[in-house]
Amino acid sequence: MTETRRLYFNQLTRAGTNRWLRHRVVFLKLILCVDSYSGGNFVAANNGKAHAQLNSRQDRCSMKNITSLSSFGCSALLALSLTACQQAPADPDTPGLSDALDLSPIAVELNDSGLPADWQKHAVFMEIYIRGYQDNDGDGIGDFNGLTSRLDYLQDLGIKGIWLMPMMQSQDRDHGYAVTDYRKVEPDYGSLDDFKHFLNEAHRRGIGVIIDYLINHSAAQNPLFLDSDKHLAGKRDWYIWRDDFQHWPNWGGNETWHAGTDGFYYGIFWDQMPDFNLRHPEVVSFHQNNLRYWLNLGVDGFRFDAVGTLFENGSSAMLNQPDNHRFLADSIRPIVMEYPNRYMVCENPDGPMPTAESCGSAFYFGLQGAILASAKFGKTKQRMKDRLENAPMAQLATLLANHDSFAGGRIMEQLKGDEGSYRMAAATLLTLPGTPFIYYGEEIGIGHSLDITDPDPDHRLRTPMSWTDDANSAGFTTGTPFRAVANNVATHNVAAALEQPSSLLKHYRHWIQLRNLQPALQSGDYQAVEVTDKRIFAFTRTLDDDVRLVLLNYSSQPVELTLTDSCWQIIDSYPNSLLAGTLPTTVNLPPQTATLAQPCE
């Protein structure tokens, strides 16, 4: 392409719309006509960008310029070129849809949830998808009141913290990660008063509640973005725009620049989730005020989604930029920490260590696969030990699975129904350092959705909770559930598990409650104990002078283990409670059993 063609191509792109894209062949023909033009109306400009001497959009669409170009015999094509012309952008002061949002500044209002100091350092969390947990009103969708009705179940399990997946008003009305109003709850889940009631009831049971918060992006139907797209209410620069399309594929090969009404906007996930411009001080203040709004209402903290994508510095620098950590440390964490006894944890699968430093805590992705592999194959994987060495475990949140397919499927599916391996993975998670997060239904061995035709792999992980063996509703609703129930609802449900002496549910409850009673398991330092037989994973947890020894036999067979001269008193051996009293120097560890011991007095 000649320089003249390239310059005019850029100008058309600057004025471009979706209609321009549809007529690109016509415009290429038009450019060939313009190539003969030498009147100087289009020239190269500074900073590597093409600029026209026709400075305004109105000028580029004026009849005078149409006439001057028509003299080169291109009038028929030039008529079509008007599809690239638009009305001038609206005055930034023109009112917009976002004027109806509550964007008021929020002052700090301290409140006391009644939770013990540093509750989050001692808690086992449950991640809950509200839409799929319990329906209270029969519409087939989980809600706040349904969730409140299940708090006694969570308390009995030993849960001390709840992470609610997005509960703000959303465009998608499914996962909730496309927020349309940051200060309203999702109407499908009930009212703000319903949420407050749930929050108060959780606190009354000694359970803290953190909520998902989306800094990186909003919904495309959020009034803020709709105004940004139309140059209204001063919101244009709240999002990231450019005049020309750029090919910046994300990790899945999908485009990240999307056509708007006037130009192209950046959305790293997809076109319905445009990224905020976090370099704009008004956007930063917007998020800070929203955080204070929810903290004032009494939430105990936040799980921040996708913090590895907050800033981008070019097509090869879209992930894990240093700006992300500075932003979290300087602009977000201080807001949350204004409130005593609050907790924040961040999601960044590609960089948990630096994120833990800037955020305060981060999910330790990668460890879950090593734990599950050790349990599945019956021997300690070296990569699990490697991930635990020198990791700042006190700052890391641990898990076996969650709502995203990239983290792995439901555990029952990953382990192909092997409940012995399942128990060992759970015992490992609940005795290792870090803050454990359990994904709802994990404690009963819930499977994938019955609907194998659903093209979205995440949907299979977000089924209605299996409370009973009802093949249609799973005890989740009196109506028709929003999604198919789990494929193993007949055998793996809460009602059945409560009747079975050796169910997964009782295994989880046993180890959660044991952890709750053992400060060393909650926050003690980790130290591997070297053993020659890889079927055994041994380590100690030490808090001041309080020491606990953990012995995990991943094998389906008894394994003989020789201990040092130290004397160890057995606290617990589960599920095969064949050991009691003092551990002998040479001990036969029962198959697929976890043993907890303390130094002899």
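The values are calculated or read from the model by the stated rules, or taken from the named source; none is laboratory data. Here the structure is a predicted model, which is why all the values come from computation and not from measurement. Backbone-built Cβ (ideal geometry, glycine too); neighbour counts: all protein chains shown.
Does any residue of region 131-148 turn out to be within 17 Å of the chain's Cα centre (by Cα) and either under 30 Å from Asn289 (Cβ atoms) or aromatic (Phe, Trp, Tyr) (or both)? Yes.
Filter region 562-577 for residues that are within 41 Å of the chain's Cα centre (by Cα) and part of a loop (DSSP other than H, G, I, E, B); which is surrounded by the fewest Cβ atoms within 10 Å (Cβ to Cβ)? Out of the qualifying residues, it is Ser577. Of the residues making up region 142-180, those that are of a type in the set (Val, Ile, Thr) and either under 17 Å from His203 (Cβ atoms) or in contact with a Gly (Cβ under 6 Å, 6 or more places away or on another chain) (or both) are Thr148, Ile159, Ile162.
The number of residues in region 507-532 that are out of contact with any helix residue (DSSP H, G or I) (no Cβ under 8 Å at 6 or more places or on another chain) and either of a type in the set (Asp, Glu) or crowded, with 18+ Cβ neighbours inside 10 Å (or both) comes to 6. The residues listed here are Asn324, Asn341; of these, the one that is polar (S, T, N, Q), over 23 Å from Thr180 (Cα atoms) and crowded, with 20+ Cβ neighbours inside 10 Å is Asn324.
Selection within region 437-470: residues that are more than 23 Å from Ile210 (Cα to Cα) and of a type in the set (Ser, Thr, Tyr). The member of this set that is nearest to the chain's Cα centre (by Cα) is Ser449. Only a single item in (1) in the same structural domain as Glu389 (by TED's automatic domain parsing); (2) under 30 Å from Pro116 (Cα atoms); (3) not hydroxyl-bearing (Ser, Thr, Tyr) is not met by Pro501, and it is number (2).
Going by the structure shown, is Arg292 buried (at least 22 other Cβ atoms within 10 Å of the Cβ), within 30 Å of Phe195 (Cβ to Cβ) and of a type in the set (Lys, Arg)? Give the derivation first.
Values: buried (at least 22 other Cβ atoms within 10 Å of the Cβ): no; within 30 Å of Phe195 (Cβ to Cβ): yes; of a type in the set (Lys, Arg): yes.
In short, no.
All of Asp181, Asp156, Asp139 fail the test of being among the acidic types (Asp, Glu), modelled with pLDDT of 95 or more, within 30 Å of Leu430 (Cβ to Cβ) and out of contact with any Asp or Glu (no Cβ under 7 Å at 6 or more places or on another chain), apart from Asp156. The C-beta contact set for region 251-265 (first residue assigned by TED's automatic domain parsing to the domain that holds Leu232 and more than 13 Å from Asp275 (Cβ to Cβ), second residue modelled with pLDDT under 95 and not in a loop (DSSP other than H, G, I, E, B), distance under 7 angstrom, 6+ apart or interchain) comprises Ala259/Asn18; Ala259/Leu21. Summed over region 519-561, residues that are outside any strand (DSSP E or B) and either closer than 26 Å to Val124 by Cα or without any contact (Cβ under 8 Å) to a residue 24 or more places away in the chain (or both) total 11. Just so you know, in region 165-221 the residues that are in a helix (DSSP H, G or I) and among the aliphatic types (A, V, I, L, M) include one that is surrounded by the fewest Cβ atoms within 10 Å (Cβ to Cβ), and it is Leu192. Go through Val559, Val547, Val485 for me and flag whichever is under 32 Å from the mean Cα position of the chain (by Cα) and modelled with pLDDT of 95 or more. Being under 32 Å from the mean Cα position of the chain (by Cα) and modelled with pLDDT of 95 or more holds for just one of Val559, Val547, Val485, which is Val485. Among residues of region 383-398 that are surrounded by 15 or more Cβ atoms within 10 Å (Cβ to Cβ), those with a Cβ under 9 angstrom from a residue that is in a loop (DSSP other than H, G, I, E, B) and among the hydrophobic types (A, V, I, L, M, F, W, C), sequence gap 6+ or separate chain, pair up as Leu388/Leu432; Met393/Leu432; Thr398/Leu432. Exactly one residue out of Leu226, Leu232 is crowded, with 21+ Cβ neighbours inside 10 Å and farther than 30 Å from Gly298 by Cβ: that is Leu232. Determine if region 358-371 includes at least one residue that is surrounded by fewer than 18 Cβ atoms within 10 Å (Cβ to Cβ), on the phi > 0 side of the Ramachandran plot and over 17 Å from the mean Cα position of the chain (by Cα). No, that holds for no residue.
Counting the residues of region 425-449 that are without any contact (Cβ under 8 Å) to a residue 40 or more places away in the chain and over 19 Å from Ala497 (Cβ atoms) gives 1.
Table: residues versus (1) among the charged types (D, E, K, R); (2) touching a helix residue (DSSP H, G or I) at 6+ places or on another chain (Cβ under 8 Å); (3) in the same structural domain as Asn493 (by TED's automatic domain parsing); (4) assigned to a loop (DSSP other than H, G, I, E, B).
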site	(1), (2), (3), (4)
Ala401	no, yes, yes, yes
Glu413	yes, no, yes, no
Arg423	yes, yes, yes, no
Ile446	no, yes, yes, yes
Asp456	yes, no, yes, yes
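If the condition is being buried (at least 17 other Cβ atoms within 10 Å of the Cβ) and either in a helix (DSSP H, G or I) or of a type in the set (Val, Ile, Thr) (or both), then region 131-152 contributes Arg131, Gly132, Ile141, Phe144, Asn145, Gly146, Leu147, Thr148, Leu151.
Counting only residues that are assigned to a loop (DSSP other than H, G, I, E, B) and charged (D, E, K, R), how many does region 247-289 have? Working first, answer last.
First, the residues of region 247-289 that are assigned to a loop (DSSP other than H, G, I, E, B): 247-256, 260-263, 267-274, 277-280.
With charged (D, E, K, R) added as a condition, the list becomes 255, 262, 271, 279.
The total comes to 4.
In summary, Phe311 fulfils each of the numbered conditions (1) among the hydrophobic types (A, V, I, L, M, F, W, C); (2) in a loop (DSSP other than H, G, I, E, B); (3) under 15 Å from Met353 (Cα atoms) with the single exception of condition (3).
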